[in-house]
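The values are calculated or read from the model by the stated rules, or taken from the named source; none is laboratory data. Since we're looking at a predicted model, the values are computed, not measured. Glycine also receives a Cβ, built like all others from the backbone with ideal geometry; neighbour counts cover every protein chain displayed.
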Amino acid sequence: MGISIITLIVSVLLFSLLARILSYQRTLHLFSWNPTYRRGFFILGLLSLSIPLTIILERSNSGWDSSPPIITSVLLLLVLIPAAVLYYHFRPIQRRIALKPLLVLTERRGAFGISDHAILWRSLQKEKTSVRLTEKIDGNEMLIKEDTPSRSHVIILKDLIPGTQYSYSIDSLDGISGSFSTCGESLRLAIVSDAHIGSSKRSLNTTKRIIQTIIGREDSFDLLLNLGDIVQMGNLKGNYEAASNVLLPLSKHLPSIMVPGNHDAWVGGLNSWKDAYYPKRLNSELRTHQLFHHYRPLEGVHIITLDLEWGTENFSKAQRHWLTEQLSTIAKDDMLIVASHAFFFGSGRVVDSRAWFDPMKMIDTFHPLFRDNHVNLVLSGHNHQFEHMKEDGIDYVIVGTFGGRLEKRITHRSSASIFLDHTHHGFAELSIDRSQYSLIFRNLKDEEIYRFSSRPR
Ligand SMILES: [Fe+2]
Ligand SMILES: [Fe+2]
């Protein structure tokens with residue numbers, strides 16, 4: 001009787017784990033893009049229902065006190081192994097994590113015309129702390145205090161002065177301090193995507209080398225644009241903790257714009273992504289849309305980030321309305337950049353009978369909108385390659401090379417493709433001034449792979 005009861009209990013555990021996984025909206029997106037996962041999930045669901053029924057019927061016929069047939073051990077294995085594997089990958093109860101400081105750009109513009117910044121971090125215990133912000137040249141100092149104790153810390157750095165060097169230190173985090181410069185006349189961005197931290201040691205080392213290259217540059221960057229898949233398993237909080245440690249040398253000095261990817265957000269991972277990169281406190285302070293943003297880092301330069309993790313799944317009517325409204329407010333001769341994790345044009349291959357190249361839904365939904373609203377440059381990740389495409393005068397770029405395994409085989413070249421490389425990891429460097437912008441793909445060692453320049457249309 002013992003083994004029958006154990007099998008019943010494990011079946012119930014497996015079923016509740018599957019129900020929890022299915023309760024997240026983004027699980028359906030994962031299944032729609034990955035039929036293998038969908039089929040596997042369906043089979044496990046069937047097992048977790050049919051095995052207990054079989055056991056209950058058999059025991060009712062044979063009597064609960066009689067010895068169970070040998071097959072019961074096989075049934076136990078059939079539910080025990082997947083239950084253990086699923087539990088390991090999708091733990092419903094996870095330990096609390098601490099996250100290191102991250103300097104982010106916000107959408108709000110301060111009194112001197114540039115974006116307010118914010119410092120975000122998480123502590124294990126609730127605490128109330130303060131940040132000391134110093135203007136480097138004239139030594140002006142400001143103490144910014146938190147109002148209430150919290151684990152999620154958000155310190156807004158308001159009304160920063162353009163082209164100025166600042167340093168800061170966090171009172172409760174001994175030894176963690178940072179420094180940064182605000183944008184002046186021009187803007188230089190480092191663009192990265194698809195680190196997949198948590199996937200393997202090899203990709204982690206690659207990501208660390210790229211970070212060292214970016215922070216080692218003499219002509220330093222003003223901004224980091226991180227286009228998602230920062231972690232491999234967004235459902236595991238530990239992956240976010242590892243990402244926070246790896247990014248720290250960069251994240252404490254270079255103001256970042258973070259965009260969620262499909263790996264970051266799947267199976268409940270979006271909650272951890274928001275905790276790390278767009279916590280509730282920041283959202284309520286700025287009162288902005290949480291996952292679609294319009295940044296103005298410099299007069300005449302706009303960066304609009306969209307939450308497109310796999311494709312158009314999350315793009316609702318309300319979001320279309322928001323985007324159309326934002327685009328309509330931008331002057332025609334301003335520089336307009338759109339960024340998302342999922343790509344629009346792009347070379348790739350067929351994966352699980354889905355085309356991972358030139359996704360027609362993305363192109364049909366967004367390209368006319370971009371073309372009619374004078375978008376200049378569209379930046380994405382998702383496919384692990386460097387690629388530059390051009391369509392109707394718009395530069396489309398994919399830069400999914402921050403550490404994740406590079407695309408091995410590309411069988412379909414995008415109709416808009418001009419340059420494609422899937423043999424190097426690295427990052428992209430984007431320089432913008434009023435009259436033109438240029439973008440360079442760079443490898444781990446900072447060597448140039450490809451470059452192009454364009455004038456805003
Ligand atoms: Fe990726
Ligand atoms: Fe992705």
Seminar exercise, completed: Counting only residues in the range 206-226 that are in a helix (DSSP H, G or I) and either without any contact (Cβ under 8 Å) to a residue 40 or more places away in the chain or within 16 Å of ligand 1 (Cβ to nearest atom) (or both), the one nearest to the chain's Cα centre (by Cα) is identified as THR207
Seminar exercise, completed: Within the range 21-46, residues among the hydrophobic types (A, V, I, L, M, F, W, C) and either in the same structural domain as ASP352 (by TED's automatic domain parsing) or out of contact with any helix residue (DSSP H, G or I) (no Cβ under 6 Å at 6 or more places or on another chain) (or both) come out as LEU22, LEU28, TRP33, PHE41, PHE42, ILE43, LEU46
Exercise. Of the residues in the range 307-344, how many are closer than 23 Å to VAL104 by Cα and without any contact (Cβ under 8 Å) to a residue 40 or more places away in the chain?
Worked result: 3
Problem set entry | Enumerated strands (runs of 3 or more DSSP E) restricted to the range 372-446, each holding at least 3 residues that are touching a residue at least 24 places away in the same chain (Cβ under 8 Å) and under 24 Å from the mean Cα position of the chain (by Cα) | 377-380, 386-391, 394-399, 426-432, 437-443
Exercise. Looking at (1) under 16 Å from the mean Cα position of the chain (by Cα); (2) part of a helix (DSSP H, G or I); (3) among the charged types (D, E, K, R), can you tell me which one ASP229 breaks?
Worked result: (2)
Problem set entry | Subset of the range 335-365 [surrounded by fewer than 14 Cβ atoms within 10 Å (Cβ to Cβ) and of a type in the set (Asp, Glu)] | ASP352, ASP364
Problem set entry | Subset of the range 38-71 [surrounded by 15 or more Cβ atoms within 10 Å (Cβ to Cβ) and within 39 Å of the chain's Cα centre (by Cα)] | ARG38, PHE41, LEU44, GLY45, LEU47, SER48, ILE51
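So, restricting to strands (runs of 3 or more DSSP E) that lie completely within the range 130-182, which ones have at least 1 residues that are under 28 Å from the mean Cα position of the chain (by Cα) and crowded, with 17+ Cβ neighbours inside 10 Å?
Passing ranges, in order: 130-135, 150-157, 165-170, 177-181.
Here are VAL231, VAL301, VAL246, VAL267: which of them is surrounded by fewer than 24 Cβ atoms within 10 Å (Cβ to Cβ) and touching a Phe, Trp or Tyr at 6+ places or on another chain (Cβ under 8 Å)?
From the options VAL231, VAL301, VAL246, VAL267, the qualifying one is VAL267.
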Problem set entry | Elements of type helices (runs of 4 or more DSSP H) in the range 251-312, at least 1 residues being away from ligand 1 (no atom under 16 Å from the Cβ) | 269-277, 280-286
